[in-house]
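Here, each number is a calculation from the coordinates, and none is a lab measurement. For clarity, every value in this text was computed on a predicted model and none was experimentally measured. Cβ placement follows ideal geometry from the backbone for every residue including glycine, while neighbour counts extend to all protein chains displayed.
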Amino acid sequence: MAAAVLGRAVAGAGLRVRLLRRGCAGLAVDDTVNGLSTEQRQLRQTMTKFCQEHLAPKAQQIDQENEFKDMREFWKKLGELGVLGITAPVEYGGSALGYLDHVLVMEEISRASGAVGLSYGAHSNLCINQLVRNGNEAQKEKYLPKLISGEHIGALAMSEPNAGSDVVSMKLKADKKGDYFVLNGSKFWITNGPDADVLIVYAKTDVNAVPASRGITAFIVERGMAGFSTAPKLNKLGMRGSNTCELIFEDCKIPAANVLGALSKGVYVLMSGLDLERLVLSGGPLGLMQAVLDHAIPYLHVREAFGQKIGHFQDCAGVILYSAECATQVALDGIQCLGGNGYINDFPMGRFLRDAKLYEIGAGTSEVRRLIIGRAFNATFK
Amino acid sequence: MAPLKVLVGVKRVIDFAVKVRVAPGGHVVQEQGVKHSLNPFCEIALEEAVRMRERGEAAEVIAATVGSRQSQDALRTALALGADRAVLVELPGAGPEQGAGPGAGPGQGAGPPLVAAALAKLVEREKPQLVLLGKQAIDDDCNQTGQILAAILDWSQGTFLSRLELDPGSSSVRIQREVDGGLEQLRLQLPTVLTADLRLNQPRYATLPNIMKAKKKPLEVQPLEQLLGGPVPPPRLRVLRLEEPPVRQGAQRVESVPALLERLAALGRI
């Protein structure tokens, strides 16, 4: 009789353990308030469950070791879930959905691990979405399927040691030699640089162009191409586990077929891509803020809710500016809520702050975002 | 060896992670604006059915639920997890969220006898060879629907399943049940009602492509009265009072057994 009662209790406990392992470790996000469709709510549910089971338990270790050991396997699982090519056409394995769906996934991955979220954003938006929007048929057929399945990892390279906010002053040179372009120079701060199989790289095909932006061309580079190498990954304050490094081009030969978009029209590829990058990456700070709540509120027994807005392109700069600066403040508040424990690295609060801070710098500094918003306002009064 | 038709009963319940509160009035639990999801044991039952279809043992998996209009969410999830089509047997009048609803079971849904009656009607209509349910719902913990349904249909039943195998020839199944004394192996003739326990399988995630495909799968809404072919029977149970469990008191320490006995006597426990 006692065994019967014990058996039932153990069975109940087993369910709780299994659900806690794969269910929500945090607060429920009120998606009715957020106005999400049924499918978007299901997507969030899937991503929350998946990330809390397969990513959140590893997040602290990834941060401490500055490495995501199971990245390749995780990428394939993301591919199976169908979330790597959210905005890509179905014929290449994509889901042909919109940017709100992409932001949702970005948010949930970042909620579990800010670093993995950043790498996911670089792969799925910076690389894949740029190929979708600017690639020709042959390029899309060649590169998209494996990027979308997760077999390949993608990256995008525009920044250089002396060309961050002033990206059009980049110095990486691309000289045309017959059917090839020969690249010389380097890129810096490149997310997924150490791991990427496919990289979109911006270079100057015409160093004398006036204005300088008119001399930029976008290229598709493959790991293993002669003359292309990567330096060891950087040791960063936050986003540790999202590997970042310098790319080195020494007489690197890229076939002319790998020009992405039109010759010397790379700046249009670059600038239009940045708007969408801001939009999708704004999911990163959102997820980080949610993570702070997930951990602070059980600690404090208080409730709150969050909303999202997606709008026109100038609003994209606004939304990432707002959410990034909010995220840093929210993460600081989170540490304060935990008091002394917030300062101890056994708790995740410090990692949330270090990860959140990146979003005020990377994907566009807050200063540049304010410039863009200012210009957009002025344009409406012309 | 004709592939089977499988009916899976599912229930929409308050998510396990939510802190449940009693609504003002003291008869029902607060459900408005509270996160709901598919009952975990129902998910396991559905996963088993979908795997049978993927192995070619089942031809069609139908997901069914008895509940308010909002239960469509649970059916959409079931479709995204692999069911071919879904049926909502809709409870009349205001949903349980408003505190009304006939046959109000302890979980504020229709209650096992009414759900079993509705499922029996669906079985009559759809003629599946196999009905799969979760062993119990996590809101009321009744653990009755499968058993009552088998009795109504006069079918064999296998409850608390931790393993299921279809025999070659598809006229019987071999099951393993988790019982108090250990694990029991049984062979049951089809048609049969089975209920899933925790260790039967590990359910899959609803991938984004499947979530989008589910939009196009048929979801039928049948009013309960129409399905029963008559008025819905009145509730068999009336909830007198619903309270949260008492706040846990801290433990008290005593120094010796006589002191313990004295304490217990003072508290009127012995």
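Can you tell me the 0 to 90 degree angle between the C-alpha axis of helix A:38-54 and the longest principal axis of chain A, rounded to 10?
So the helix axis and the longest Cα principal axis differ by about 80 degrees.
Give the order of A:D70, A:D197 when sorted by the count of other beta carbons within 10 angstrom, beginning with the fewest.
Exposure proxy ranking, most exposed first: A:D70, A:D197.
Per residue of A:76-85, what is the mean number of Cβ atoms on other protein chains within 10 angstrom of that residue's Cβ?
Numbers: counts 0, 1, 0, 1, 5, 7, 7, 3, 1, 1.
Shielding by partners across A:76-85 averages 3.
In whole percent, what relative contact order does chain A give with Cα contacts below 8 Å and a gap of six or more residues?
Averaging sequence separation for qualifying contacts and normalising by length gives 16 percent for chain A.
Ranked by Cβ crowding within 10 angstrom, fewest neighbours first, how are B:I138, A:I216 ordered?
Numbers: B:I138 21, A:I216 26.
So the residues, fewest neighbours to most, are B:I138, A:I216.
For chain A, take the longest principal axis of its alpha carbons; what is the angle in degrees between that and the long axis of helix A:56-65, to the nearest 10 within 0 to 90?
Helix A:56-65 and the main axis of chain A meet at about 50 degrees.
Taking only Cα atoms, what is the 0 to 90° angle, nearest 10, from helix A:313-338's long axis to the longest principal axis of chain A?
Between the helix axis and the principal axis of chain A, the angle is about 40 degrees.
Just rank B:I152, A:I344, fewest to most, by other beta-carbon atoms within 10 angstrom.
Going from sparsest to densest Cβ surroundings: A:I344, B:I152.
If you place +1 on the Cβ of every Lys and Arg and -1 on the Cβ of every Asp and Glu, how big does the dipole about the Cα centre of the protein assembly as shown come out, in debye to the nearest 20? Intermediate values should be presented prior to the final figure.
On the way: 74 positive and 69 negative charges, 41 e Å.
My answer is approximately 200 debye.
Averaged across B:198-209, how many Cβ atoms of other chains sit within 10 Å of each residue's Cβ atom?
Numbers: counts 7, 3, 0, 0, 2, 2, 2, 11, 9, 9, 17, 9.
That works out to 6 on average.
Using θ = phi - 60° and the Karplus relation 6.51 cos²θ - 1.76 cosθ + 1.60, list the HN-Hα couplings for region A:165-179 in order, rounded to whole Hz, with x at every Gly or Pro.
5, 8, 5, 6, 8, 4, 10, 4, 9, 10, 9, 7, 9, x, 8
Using the Kyte-Doolittle scale, find the helices of chain B whose mean hydropathy is at least -1.0 and whose Cα atoms extend 18 Å or more along the helix's long axis, counting only whole DSSP H runs. All intermediate terms of the calculation are to be shown ahead of the outcome.
Details: long enough: B:40-54 (21 Å, -0.09); B:112-126 (20 Å, 0.56).
Taking the DSSP H segments of chain B (at least 18 Å long, mean hydropathy at least -1.0), we get B:40-54, B:112-126.
For B:E60, list long-range residues whose amide hydrogen, built 1.01 Å from N in the peptide plane, is under 5 Å from its own amide hydrogen.
Answer set, sorted by chain and number: B:V6.
For B:R163, what residues show an amide H to amide H distance below 5 Å, using hydrogens built from the backbone and excluding near sequence neighbours?
B:Q176
In terms of modelled amide H atoms, which long-range or inter-chain residues lie less than 5 Å from the amide H of A:F188?
Counting only residues 5 or more places away or on other chains, the set is A:S159, A:E160, A:L247.
Taking every residue in A:37-44, how many Cβ atoms of other protein chains lie within 10 Å of its Cβ, on average?
5
Suppose R0 equals 56 Å; then what is the FRET efficiency for B:Q185 and A:E141 from their Cβ-Cβ distance, rounded to the nearest 0.05?
Working: r = 53 Å, r/R0 = 0.94.
Efficiency computed from Cβ-Cβ geometry: 0.60.
My understanding is that a pair violates if its Cα-Cα distance is over 18 Å; which of A:K49/A:K146; B:K11/B:K35; B:K35/B:K217; A:K171/A:K204; B:K11/B:K213 do that in this structure?
A:K49/A:K146; B:K35/B:K217; B:K11/B:K213
Quickly estimate the mean residue ellipticity at 222 nm for the protein assembly as shown, helices only: each DSSP H run with n ≥ 4 gives -39500 (n - 2.57), and the total goes over all residues, rounded to 500.
-12500 deg cm²/dmol
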